[in-house]
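Any read-out appearing in this document is the output of simple, stated calculations on the displayed coordinates, not a laboratory observation. In this text, all values refer to a predicted model and were calculated from it rather than measured experimentally. Cβ: placed from backbone, ideal geometry, glycine included. Neighbour counts: every protein chain shown.
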Amino acid sequence: MSERLRRVAGIRSLQLGETKVTYVPDGVVQLSPHHWFPDTRDADYGDYLDEAGYFVASAGGLLVERGDRALLIDSGLGPVSTPAEPDSIVGVMQGGTLPDHLTRLGRPADRIEAVAFTHLHGDHVGWVDHEALSGPEFLFSEGEWQHRDVVHHAPPAETLKAMEPRVRTVADGEEIFPGVHVLLTPGHTPGHAAYVIDGGDRRLIAFGDVFHTPLQITHPEWRVAVDHDPEGAIAFRRRLASRLAEPGTVGFGIHFADVQFGRVVPGDGGVPGWEPVDG
């Protein structure tokens, strides 16, 4: 598993009863460990860092298909290419492949009815101002959209204004697609949302940026420098880690390198950890 912790994810699918979920790659973001988790030490990172000393955070979307219908959760970075800057919280950011991958999967944007966003950060709302994502409705939690002007790293004001006619706000517990319900998880941003997908004898929780790396499953107490409400985010990490450990529950971590689908299992001394699920 250690090699997968340091590589970018490719297309990977999971069947949940009548619902199929597929990770759709767009690119990658390198996360600087000491900047991202300011209270941690080198010894905390184990096998998770790449050769340049960064966490590898995959970026893209989760395609949810049921029959002829399709929903996309998040949309990656968009056509972005920036180099690493010294002493920055992120290293290389590279995006731009999501539309081609959607087409390859037989689901170009005109065959997707809505994009449900976990939050407004730029590595989750890529393509919102591009022709490649010109058709679907945009879904945000009411709290996230109401506070769009105070969310750091959100798109610029002109982009938000252009998006507004296509935005529909959703509430905690609302079913937005067959078997897909909103789960509010504020902390990383004011109105961050996860999405619970029920299918057959399993359910999947796509938790966005509640967690950025599997290490946080074991260490939900780590403070994240970019969280809007650090203490609130820690509380939701603890709560969601417990929920992910329930029988029949699979998690989806968009930034979890190449181990995005997984379950929370007890490790040494009962300490929870992340176990990849590949089918």
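Over 5 Å intervals from 0, what percent of Cα-Cα pairs in region 169-279 sits in each interval? Binned Cα distances yield the sequence 2, 13, 23, 25, 20, 12, 4, 1, 0. In the distance distribution for the chain, Cα-Cα pairs more than 24 Å apart total 45 percent. Percent antiparallel among DSSP beta bridges with both residues in region 52-177, to the nearest 5? Antiparallel bridges: around 40 percent, rounded to the nearest 5. This ranking places His255, His119, His130 by how few other beta-carbon atoms lie within 10 Å of each, fewest first, which gives His130, His255, His119. Each helix, a run of at least 4 DSSP H residues, gives -39500 (n - 2.57); summed and divided by the residues of the chain, these come to -4000 deg cm²/dmol at 222 nm.
Pro220 sits among other residues whose Cβ lies under 15 Å from its own Cβ, and their net charge, with Lys and Arg +1 and Asp and Glu -1, is -2. The slack in the chain from Arg111 to Glu275, taken as 0.36 nm per residue of separation less the alpha-carbon distance, amounts to 55.7 nm. Could you list the residues of region 19-61 with an amide nitrogen less than 14 Å from a label point located 7 Å from the Cα of Ser2 in the Cα-to-C-beta direction? The answer is 45-51, whose backbone nitrogens lie closer than 14 Å to the label point.
From the residues Pro136, Thr213, Val167, which one has its Cα farthest along the dipole of the chain in the positive direction, the dipole being from +1 and -1 charges on Cβ of Lys/Arg and Asp/Glu about the Cα centre? Toward the positive end, the furthest listed residue is Pro136. Of all DSSP beta bridges in region 2-273, what percent run antiparallel (nearest 5)? Roughly 75 percent of the beta bridges in region 2-273 run antiparallel, per DSSP. Centre-to-centre separation between the Cα atoms of region 1-34 and those of region 173-246: 16 Å. Listed from fewest to most Cβ neighbours within 10 Å, the set Ile234, Ile11 follows the order Ile11, Ile234. Cβ-Cβ distance of Glu246 and Lys20, R₀ of 25 Å, FRET efficiency by 1/(1 + (r/R0)^6): the value works out to about 0.65. As a ratio to 2.2 N^0.38 Å, the alpha-carbon radius of gyration for region 136-179 is 1.24.
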